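The values are calculated or read from the model by the stated rules, or taken from the named source; none is laboratory data. What you see is a predicted model, and the numbers here were worked out from it, not measured in a lab. We place every Cβ from the backbone using ideal geometry, glycine too, and count neighbours over all the protein chains shown.
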Amino acid sequence: MILKRQKNKSNRSLKVIEVIKKSISQILLKNDLPLNPNFRFPLSVVSVDLSSDLRTAYVYISTHETIDDEEIIKRLDSCKKYISVEMNLLVDLKFMPKLIFRNDKQILSHKKINELLNSKKVQEDLKK
């Protein structure tokens with residue numbers, strides 16, 4: 001069995017991740033994106049993953065909107081340039097990373113685990 005060595009992120013990349021997360025959160029909280037039907041609820045940035053060369057940022061988004069997840073990503077992709085320009089005003093980096101928006105799937109897994117823990121079978125096993 002071959003195990004891949006996990007690369008630890010450098011302090012610089014961790015700092016860049018936090019700065020990007022904070023700046024995108026500020027932009028999305030304002031909720032003045034150039035969209036025709038704007039979001040009713042602000043979007044939340046759950047996490048940001050950065051490539052090793054700091055050129056690509058994967059931004060994981062969560063929301064309380066009733067819109068389909070794919071539609072939210074399409075809307076964010078349509079105003080990606082606006083978000084990059086606003087982020088460039090807030091952050092001073094040599095290279096601004098390319099933003100790729102994704103839905104956060106952790107919330108779904110948390111809900112499934114919660115449902116399993118609250119099921120009758122688990123409750124009966126706990127009583128034993």
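Of the residues that make up segment 63-72, is at least one within 19 Å of the chain's Cα centre (by Cα) and either within 26 Å of Asn8 (Cα to Cα) or among the small types (Gly, Ala, Ser) (or both)?
No.
Mind checking whether some residue in segment 53-62 is β-branched (Val, Ile, Thr) and either modelled with pLDDT under 80 or surrounded by fewer than 17 Cβ atoms within 10 Å (Cβ to Cβ) (or both)? Explain how you work it out, then say what you get.
Filtering segment 53-62 down to residues β-branched (Val, Ile, Thr) leaves 56, 59, 61.
In the following step, the residues that additionally are either modelled with pLDDT under 80 or surrounded by fewer than 17 Cβ atoms within 10 Å (Cβ to Cβ) (or both) were identified as 56.
Checked against the condition, which is being β-branched (Val, Ile, Thr) and either modelled with pLDDT under 80 or surrounded by fewer than 17 Cβ atoms within 10 Å (Cβ to Cβ) (or both), segment 53-62 yields at least one hit.
Would you check if Thr66 is touching a residue at least 40 places away in the same chain (Cβ under 8 Å), among the hydroxyl-bearing types (Ser, Thr, Tyr) and over 15 Å from Ser23 (Cα atoms)?
Details: touching a residue at least 40 places away in the same chain (Cβ under 8 Å): no; among the hydroxyl-bearing types (Ser, Thr, Tyr): yes; over 15 Å from Ser23 (Cα atoms): yes.
When the stated conditions are applied, Thr66 does not pass them.
For the condition without any contact (Cβ under 8 Å) to a residue 12 or more places away in the chain, farther than 21 Å from Phe41 by Cα and not polar (S, T, N, Q), what is the one hit in Lys98, Lys105, Lys121, Lys74? Walk me through how you get there before you give the answer.
Working: Lys98 fails: without any contact (Cβ under 8 Å) to a residue 12 or more places away in the chain; Lys105 fails: farther than 21 Å from Phe41 by Cα; Lys74 fails: farther than 21 Å from Phe41 by Cα.
Result: Lys121 is the single residue among Lys98, Lys105, Lys121, Lys74 that is without any contact (Cβ under 8 Å) to a residue 12 or more places away in the chain, farther than 21 Å from Phe41 by Cα and not polar (S, T, N, Q).
Specify the residue that is nearest to Glu18 (Cα to Cα); the eligible residues are those in segment 52-63 that are of a type outside the set (Asp, Glu) and assigned to a loop (DSSP other than H, G, I, E, B).
Just the residues of segment 52-63 that are of a type outside the set (Asp, Glu), to begin with: 52, 54-63.
Checking the rest, the ones that are also assigned to a loop (DSSP other than H, G, I, E, B) come to 52, 54-55, 63.
Details: Ser52: 15, Leu54: 13, Arg55: 15, Thr63: 20 Å.
For segment 52-63, the residue satisfying everything is Leu54.
Looking at (1) at pLDDT 85 or above; (2) closer than 28 Å to Val16 by Cβ, can you tell me which one Asn118 breaks?
Evaluating Asn118 over (1) at pLDDT 85 or above; (2) closer than 28 Å to Val16 by Cβ leaves (2) as the failure.
Looking at segment 8-25 only, could you name the residues that are more than 18 Å from the chain's Cα centre (by Cα) and part of a helix (DSSP H, G or I)?
Residues satisfying the conditions are Asn11, Arg12.
Where residues in segment 77-115 are among the aromatic types (Phe, Trp, Tyr) and either modelled with pLDDT under 90 or part of a helix (DSSP H, G or I) (or both), which of them is farthest from Val19 (Cα to Cα)?
To start, the set of residues in segment 77-115 that are among the aromatic types (Phe, Trp, Tyr) comprises 82, 95, 101.
Still in the running and either modelled with pLDDT under 90 or part of a helix (DSSP H, G or I) (or both): 82, 95.
Values: Tyr82: 18, Phe95: 13 Å.
Here the residue is Tyr82.
Every residue in segment 73-123 that is aromatic (Phe, Trp, Tyr) and in contact with a helix residue (DSSP H, G or I) (Cβ under 8 Å, 6 or more places away or on another chain), please.
Result: Phe101, single match.
Only residues that are part of a helix (DSSP H, G or I) and buried (at least 17 other Cβ atoms within 10 Å of the Cβ): list them for segment 26-41, please.
First pass over segment 26-41, keeping only residues part of a helix (DSSP H, G or I): 26-30.
Scanning segment 26-41 gives Ile27, Leu28.
Out of everything in segment 42-51 that is touching a helix residue (DSSP H, G or I) at 6+ places or on another chain (Cβ under 8 Å) and in a loop (DSSP other than H, G, I, E, B), what residue ends up being modelled with the lowest pLDDT? Give the derivation first.
Applying the first criterion (touching a helix residue (DSSP H, G or I) at 6+ places or on another chain (Cβ under 8 Å)) to segment 42-51 yields 42-50.
Restricting the remaining residues to those that are in a loop (DSSP other than H, G, I, E, B) gives 42-43.
Values: Pro42: 76, Leu43: 82.
If we take residues in segment 42-51 being touching a helix residue (DSSP H, G or I) at 6+ places or on another chain (Cβ under 8 Å) and in a loop (DSSP other than H, G, I, E, B), then Pro42 is modelled with the lowest pLDDT.
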